[in-house]
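Below is one structure, written out as structure tokens; the observations come after it.
The values are calculated or read from the model by the stated rules, or taken from the named source; none is laboratory data. Since this is a predicted model, take the numbers as computed values, not measurements. Backbone-built Cβ (ideal geometry, glycine too); neighbour counts: all protein chains shown. All accessible areas refer to the heavy atoms of the entire protein, side chains included, with ligands and DNA or RNA removed. Shrake-Rupley method; radii C 1.70, N 1.55, O 1.52, S 1.80 Å.
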Amino acid sequence: MEHKAISIRPFIGAENFQLSRSFYRDLGFQEGVISHDFSYFYTEGIGFYLQGHYVKDWVDNTMLFLEVDNVERYWQELLALDLTSKYKTVKLTPIRNQEWGRECFVHDPSGILWHFGEFFKEK
């Protein structure tokens, strides 16, 4: 195959579309509104589609991994946002060390699991 991939943009669902929009803006994503229940959220040239469509089994089994440059700094910034007070169903899980690097976790308002991780660099 000779084509050049430009991006990959997963589609994720939202139980409460407006609440999820607010959550992702609080996380620092920019929003491009496509229609009344469909938006593109992006940062630094990467992004995902959020849709006002909810299927519990689908959302409960959705996980996304966002690589960050410094997971410790990212974790501190997540804590400073006080997301669990603002969004009653949001859950944060502290940094865990893995064989490949470090990561922390956030469940969004609908239950989608985000992994925010940093890979160990070879020396």
Worksheet item: Counting Lys +1, Arg +1, Asp -1, Glu -1, what net charge surrounds SER110 among other residues with beta carbon under 14 Å of its beta carbon?
Response: -1
Response to the item:
Subtracting the Cα-Cα distance of SER85 and PHE65 from 0.36 nm times their residue separation yields 4.8 nm
Item to complete: Identify which of the listed values of semi-axes √(5λ) of the Cα gyration tensor in Å was calculated from the structure shown: (i) 29, 21, 14; (ii) 20, 15, 13; (iii) 23, 20, 14.
Response: (iii)
Worksheet item: How much of the accessible area of segment 5-81, in percent, comes from carbon and sulfur atoms when a 1.4 Å probe is used?
Response: 52 percent
Worksheet entry | Full-stretch length increase - ARG73, GLN30 - with 0.36 nm per residue and alpha-carbon distance subtracted | 13.5 nm
Practice prompt. For VAL33, tell me the accessible area in Å² from a 1.4 Å probe, rounded to the nearest 10.
Written response: 90 Å²
Response to the item:
Here, ASP57 and TRP100, labelled 7 Å along Cα→Cβ, have an inter-label distance in nm of 2.7 nm
Worksheet, complete the sentence: Counting only protein heavy atoms and rolling a 1.4 Å probe, one gets per residue an accessible area for the chain in Å² of 65 Å²
Item to complete: Convert 25 °C to kelvin, take the viscosity as 0.890 mPa s, use the Kirkwood radius over C-alpha pairs of segment 1-55 as Rh, and evaluate the Stokes-Einstein diffusion coefficient in µm²/s, rounded to a whole number.
Response: 208 µm²/s
